[in-house]
Structures are given as structure tokens and as C-alpha cells.
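Note sheet for the following structure.
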Amino acid sequence: MPTVSVIYFSGSGHTTKLAEAVQKGAASVAGVKTNLIAINGDDIAKGRYSNEAVFAQLDASDAIIFGTPTYMGGPSAQFKAFADATGGRWFGQQWRSKIASGFSVSSSPAGDKFSTLQYLHTLAMQHSMIWVGLGEMPMQPNGVNRLGSFAGATAQAGQESPDVAPNTADKLTGEVLGKRVAEAALRWNK
Ligand SMILES: Cc1cc2nc3c(=O)[nH]c(=O)nc-3n(C[C@H](O)[C@H](O)[C@H](O)COP(=O)(O)O)c2cc1C
């Protein structure tokens, strides 16, 4: 049974909501196991991220979906510390041919989230992973992909409570991404 892991950082809870939606979408696919893993800032000491239990889960995954808020036009420092800690796996190309995708939240509708998604894509390419994009037309009547991103799932949330932002449409977009990645993992594992 393929395993899809969603690993993300969230500073004030908005990216957590999108991550939960992505996991929900992945879990909706029969025959797929999912993990939802938060990057904990307490696992970063002197700028270095370390958590072998998290890495054991990722090593055992068939697909990894990366998520981070957009901070200053890129991934959060905490996500980047995690990404830097994947360097050991890069050396041995241990994540080669796992499925990958990504998502980001920012306060502006654009907010330079594409820059963050590009970084997540580059991270996946350095690991020789297989990137899966959103695969949805923009601004659909139900709100899917209302922000018009194709590289991954994006959502908008500013100072509002995470209970209301990201909104329903953005969370649905996250679900669609999770489902697509899970379906890809199933097909890839056949
Ligand atoms: C340090 C910092 C930098 C930010 N930079 C951006 C940015 O470049 N573009 C943007 O639209 N929003 C930016 N924001 C807003 C966050 O992306 C937004 O509030 C997001 O919902 C936070 O997600 P979180 O609650 O998961 O941390 C920034 C917020 C912080 C704290």
C-alpha cells in the first residue's frame, strides 16, 4: 500500500489547515496510507533541523508533499532548515523516484507564492523525485484553483483566524492536490 506523507511548517496555523486538506484528499483514495507531519521549530538547534523519527517516516513514503507558508517571497526559515537537513538523503539519492508535490499559503493573492513553489520543485528535483502539479483549470465555479497556480496548491490567508482562512475553495484545492498525488502514487507503484 503506497504511503503519502505531507510534511509542512506553519507559524500561525494557516498552512496547517491547508496541509490537513491535502492529507484529506490523499486519504480519500482507497488503498493509500497517509502521514501528516508538522515541522517543529523546537527540532532546530543552531539553525540545524534534526528529527530522525520524521526522516524515518519520509524514507518509508512513496510520495512526499512539501508545504510551507511564503515568508519574504520564499519558504519559511523553519522549512528551509528541514530542507537543508535532507542533504544526507540527497547524497545517496535515497528519495530518487518518490512522487513529490507542494503547496504554500501567503497573505496576498499572489504574494510571490510561485517563488516558494519553485523552491519546493527544485528541492524535489535535487532528490530526483517525480513532481506532480495541480492539474486543474483556474477559477472553477466551486473555487478550485481560484488563485490560478499550476505548479502546486496555493491558498490565501492573512491576519484572519485559521478557522476561516484559508477559505473553503482553497482547502478544496488542497484536497484536489492530495488526491492527485495519491492517485499518482498508486499508479507509479503498480
Ligand atoms: C516573516 C513573514 C513573512 C511573510 N512574507 C510574505 C510574503 O512574502 N508574501 C505574502 O503574501 N505574505 C507573506 N507573509 C504572510 C504569510 O504568508 C501568511 O500570513 C500566511 O497565512 C502564514 O501562514 P502560517 O499561519 O501557516 O504561518 C509573511 C508573514 C511572515 C510572518
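Tell me, which residue of segment 105-120 that is out of contact with any Gly (no Cβ under 7 Å at 6 or more places or on another chain) and free of Cβ contacts under 8 Å to residues at least 60 places away in the same chain is farthest from the ligand (Cβ to nearest atom)?
This residue is 118.
Return yes when residue 90 is surrounded by fewer than 19 Cβ atoms within 10 Å (Cβ to Cβ), aromatic (Phe, Trp, Tyr) and either more than 12 Å from the chain's Cα centre (by Cα) or at pLDDT below 95 (or both) and no when it is not.
yes
For segment 1-58, which residues satisfy the criterion of being surrounded by fewer than 22 Cβ atoms within 10 Å (Cβ to Cβ), assigned to a helix (DSSP H, G or I), under 16 Å from the mean Cα position of the chain (by Cα) and more than 16 Å from the ligand (Cβ to nearest atom)?
Within segment 1-58, 24, 27, 54, 55, 57, 58 qualify.
Are any of the residues in segment 95-105 at positive phi and of a type in the set (Gly, Ala, Ser)?
Just the residues of segment 95-105 that are at positive phi, to begin with: 97.
Now restrict to residues that are of a type in the set (Gly, Ala, Ser): 97.
Yes, there is a match, as at least one residue in segment 95-105 is at positive phi and of a type in the set (Gly, Ala, Ser).
Consider residue 67 against the criteria (1) within 16 Å of the ligand (Cβ to nearest atom); (2) in a loop (DSSP other than H, G, I, E, B): it satisfies all of them except one. Which criterion is unmet?
(2)
Go through (1) surrounded by fewer than 22 Cβ atoms within 10 Å (Cβ to Cβ); (2) touching a residue at least 12 places away in the same chain (Cβ under 8 Å) for residue 170 and report which single condition fails.
Going through (1) surrounded by fewer than 22 Cβ atoms within 10 Å (Cβ to Cβ); (2) touching a residue at least 12 places away in the same chain (Cβ under 8 Å) one by one, residue 170 breaks only (1).
Might you let me know whether segment 43-58 holds any residue that is of a type outside the set (Lys, Arg), under 25 Å from residue 134 (Cα atoms), in contact (Cβ under 8 Å) with a residue 24 or more places away in the chain and out of contact with any strand residue (DSSP E or B) (no Cβ under 9 Å at 6 or more places or on another chain)?
Within segment 43-58 (the criterion being of a type outside the set (Lys, Arg), under 25 Å from residue 134 (Cα atoms), in contact (Cβ under 8 Å) with a residue 24 or more places away in the chain and out of contact with any strand residue (DSSP E or B) (no Cβ under 9 Å at 6 or more places or on another chain)), the answer is no, since none of the residues qualifies.
If I filter segment 125-165 down to residues being in contact (Cβ under 8 Å) with a residue 60 or more places away in the chain and outside any loop (DSSP other than H, G, I, E, B), which single residue comes out as nearest to residue 186 (Cα to Cα)?
That would be 153.
The values are calculated or read from the model by the stated rules, or taken from the named source; none is laboratory data. Fair warning: this is a prediction, and the values are worked out from it, not measured in the lab. Neighbour counts run over all protein chains shown; Cβ positions are idealised from the backbone, glycine included.
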